[in-house]
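As structure tokens, the structure follows; a few thoughts come after it.
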Amino acid sequence: MSRIILYDYYRSSACYRVRIALNLKRVEYETRPVNLLKSEQRSDEYRALNPQGLVPMLEIDGHRLTQSLAIINYLDIRFSNQPLIPAAAAERAHVVAMAMAIVCDIHPIDNLRVIQYLRNELGHTKDETDRWYAHWIAVGLPPLEAMAAKKAGKFLFGDAPTGADVCLIPQLYNARRFNVPLDDYPTLLRAEENANKLEAFAAAHPDRQEVPA
């Protein structure tokens, strides 16, 4: 197998997800940091590789894969160990729905480029954009708690981590950064506690990544 390269930013939720998935699959990879705060993702050099100008991007098997859920799905099909998405249709839909509740309903509204637009183009203060960020997390977590409670075990679905947990842990990391109260989400917190006991999750944490200069 040729080298596997993850174009990464240590605090990116989407990159955090992919790091967890790679670790759960026990796939060795190299990291190439892309400094979002210096807009390196918008450079001509990076856009030549990824026209969206976003992270993560994973170079694997001769492909350049983008979008975290697409990458996770690829990894789940490519590497059969530690399945992240159930095979049964209804169970698969449930896990994917929980993942998408985070990836589609919470994260895009709080993405760095949205926050930068609110600040730079619309003139909002840091306090106002911080409140924006926290608001949409607080709006998104209650329905996720209700969805997860239906079939949760140690994790959001049963007793093994799935793609839903891979998406959850970075989102809760962000929630704490913005002081969002989490006491009302016991199912999510139980999944987080069990996930953080696993080295695959712990090793993907932003505090253990290279911080770009």
Checklist entry - Of all residues in region 76-91, which are under 23 Å from ALA148 (Cα atoms), modelled with pLDDT of 95 or more and surrounded by 15 or more Cβ atoms within 10 Å (Cβ to Cβ)? => result ASP76, PRO83, LEU84, ILE85, PRO86, GLU91
Checklist entry - Would it be correct to say that PHE201 is within 28 Å of ARG32 (Cβ to Cβ) and either in the same structural domain as TYR16 (by TED's automatic domain parsing) or aromatic (Phe, Trp, Tyr) (or both)? => result yes
Item to check | Residue that is surrounded by the most Cβ atoms within 10 Å (Cβ to Cβ), among those in region 122-136 that are more than 11 Å from ASN179 (Cα to Cα) and not hydroxyl-bearing (Ser, Thr, Tyr) | outcome: TRP136
Checklist entry - With PRO161, PRO170, PRO143 as the choices, which residue is in a helix (DSSP H, G or I) and crowded, with 17+ Cβ neighbours inside 10 Å? => result PRO170
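Which ranges mark the helices (runs of 4 or more DSSP H) fully within region 25-125 that have 3 or more residues being of a type in the set (A, V, I, L, M, F, W, C) and free of Cβ contacts under 8 Å to residues at least 40 places away in the same chain?
Numbers: elements: 44-49, 68-78, 89-103, 112-120.
Qualifying helices (runs of 4 or more DSSP H): 89-103, 112-120.
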Checklist entry - Which ones in region 7-24 are assigned to a helix (DSSP H, G or I) and of a type outside the set (Lys, Arg)? => result SER13, ALA14, CYS15, TYR16, VAL18, ILE20, ALA21, LEU22, ASN23, LEU24
Next on the checklist: With the structure loaded, tell me whether ARG190 is within 16 Å of the chain's Cα centre (by Cα) and free of Cβ contacts under 8 Å to residues at least 40 places away in the same chain or whether it fails that test.
Outcome noted: no
Checklist entry - How many residues are in contact (Cβ under 8 Å) with a residue 12 or more places away in the chain, surrounded by fewer than 18 Cβ atoms within 10 Å (Cβ to Cβ) and not in a loop (DSSP other than H, G, I, E, B) when one looks only at region 195-205? => result 2
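The values are calculated or read from the model by the stated rules, or taken from the named source; none is laboratory data. Here the structure is a predicted model, which means the values were calculated and not measured. So basically every Cβ, Gly included, is an ideal-geometry build from the backbone, and we count neighbours across all protein chains shown.
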